[in-house]
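**Student:** Here you go, one structure.
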Amino acid sequence: MLIVHVHVHVKPEHIDAFRQATLENAEKSLREPGIARFDVIQQAEDPNRFVLVEVYRTVEAPAQHKDTAHYQIWRDRVAGMMAEPRTSVRYSNIFPADENW
């Protein structure tokens, strides 16, 4: 399992539009065979900050995800909504060890 946390700082005037676009992308992403989970979380203390928690079944799955039409639409749609470029951090799954997610 490969877990990616994508950190996004959204301009205040775009929070609702970002949420809508991101939820659409997340719903379609969950249909991909290489994605086990796709969570969208919003920081409580600073609602301009989001984290996308993407859990992939294989190391190839993130590249496959980026090739999908829905990801490319999301990427282009939200680019101008960000206060700064998004960043990501990759993690390896330690527990639970169940790889049947």
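Read the figures in this text as sums done on the coordinates, not as results from a lab. As the structure is a computational prediction, the values presented were derived from the model and not from experiment. Cβ atoms come from the backbone with ideal geometry, glycine included; neighbour counts cover every protein chain shown.
**Student:** Sort the stretch 34-101 into rounded, prolate or oblate with this rule: let a ≥ b ≥ c be the square roots of the eigenvalues of the Cα gyration tensor; rounded if a/c is under 1.5, and if a/c is not under 1.5, prolate when a/b is larger than b/c, oblate otherwise.
**Tutor:** oblate
**Student:** Still on this structure, I have one more. Which whole-number percentage describes the relative contact order of the stretch 39-101, with Cα contacts under 8 Å and a sequence gap of 6 or more?
**Tutor:** It rounds to 20 percent for the stretch 39-101.
**Student:** Now for a different question. I'd like to compare 82-88, 31-37: which one has the highest average count of other Cβ atoms within 10 Å, and what's the full order after that?
**Tutor:** Going by the mean number of other Cβ atoms within 10 Å, highest first, we get 31-37, 82-88.
**Student:** Still on this model: Measuring from centroid to centroid over Cα atoms, what is the spacing of the stretch 1-53 and the stretch 67-85 in Å?
**Tutor:** Each part's Cα centre sits 11 Å from the other's.
**Student:** For the pair A83/D46, report the inter-label distance in nm, with labels modelled 7 Å from Cα in the Cβ direction.
**Tutor:** 0.6 nm
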